[in-house]
Amino acid sequence: MADPLTRRRLLALGAAGAGGLALSGCDRLSGSPAFRSLLESAEDAHRASQRLLGGGALAPEFTAADLSPQFRANGNRTAAANAEWARHAATGFARWHLRVDGLVLRPLDLSLEALGSLPQRTQITRHDCVEGWSAIGQWTGPQLGHVLKAAGLLPAVRFLVFHCADRFGADPYYESIDLMDAFHPQTILAHTMNAAPLTVAHGAPLRLRVERQLGYKQAKFVQRIEARATLAGLHGGKGGFWEDRADYAWYAGI
Ligand SMILES: Nc1nc2c(c(=O)[nH]1)N[C@H]1C(S)=C(S)[C@@H](COP(=O)(O)O)O[C@H]1N2
Ligand SMILES: [Mo]
């Protein structure tokens with residue numbers, strides 16, 4: 001058990017990490033034992049993220065001169081069959097929100113503006129599709145780790161699931177990653193590609209970039225991120241649309 005001073009510093013750190021949880025509110029809440037134990041788990045997640053941010057090898061990054069003149073769109077090129085997504089698309093995603101829920105302290109609904117107000121990362125990386133093509137593109141967005149710190153992961157969390165707006169027939173596209181990749185510095189929620197808002201074909205308004213993995217892990221049309229303890233019981237149970245159907249690996253490291 002940390003001494004009161006350390007606890008207090010950790011509380012302040014937690015508040016900063018949560019991006020705007022006022023210290024006074026934090027002090028009031030910290031009187032509740034339930035909240036205290038939740039906060040300790042958020043601290044664990046924070047510690048884990050710090051360690052991981054120091055540890056993970058980076059995928060190669062390129063320069064503007066390396067950008068592919070054409071970046072092919074693959075898989076679903078629209079989510080228009082989803083009426084809710086189509087309504088948002090028609091209004092330029094002005095009232096669209098990313099939902100962050102599951103095993104979190106604070107479920108979040110984040111507008112594109114809110115996502116854009118977090119610290120942003122821009123990276124030029126190579127996308128490798130298992131179908132045998134590659135393309136180099138530039139991606140911008142907040143690190144997933146910042147979003148997860150704002151939501152506050154509970155200690156049982158082992159996976160982050162990306163629920164997408166598009167479907168193949170009746171089956172929604174989805175993907176998942178572990179905490180190591182979730183807090184990797186190059187794992188971002190990209191709203192911008194090649195310095196322009198993400199086009200529909202590339203997954204507007206928001207897609208995952210998890211740069212040490214293959215193309216099918218790069219979920220497009222992300223509308224909800226769910227923190228989970230297990231992938232069992234979700235769709236086919238193998239953690240992704242293609243993992244459930246083909247013998248695509250869940251960990252698709254390049
Ligand atoms: N929601 C969703 N995400 C998806 C897909 C898809 O069909 N739906 N296809 C995947 C595959 S196989 C690849 S190669 C990339 C393609 O991304 P791009 O269209 O930007 O090239 O998206 C991945 N993410
Ligand atoms: Mo792919």
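Just so it is clear, none of the values below were taken in a lab; they were calculated from the coordinates. Note that the structure is predicted; figures quoted are calculated from it, not measured. Note: ideal-geometry Cβ built from the backbone for every residue, glycine included; neighbour counts use all protein chains shown.
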Neighbourhood net charge (12 Å Cβ-Cβ; Lys/Arg +1, Asp/Glu -1) for LEU231: -2
Neighbourhood net charge (12 Å Cβ-Cβ; Lys/Arg +1, Asp/Glu -1) for ASN76: +2
Sum of side-chain charges, THR140 neighbourhood, beta-carbon under 10 Å (Lys, Arg +1; Asp, Glu -1): +2
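Using a ≥ b ≥ c from the Cα gyration tensor of the stretch 57-169 (square roots of the eigenvalues), is it rounded, prolate or oblate, where a/c under 1.5 gives rounded and otherwise the larger of a/b and b/c decides, a/b for prolate?
Oblate, since a/c reaches 1.5 and b/c is not below a/b.
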Partner lysines for LYS149 [C-alpha distance under 23 Å; skip if fewer than 8 residues away on the same chain]: LYS217, LYS220
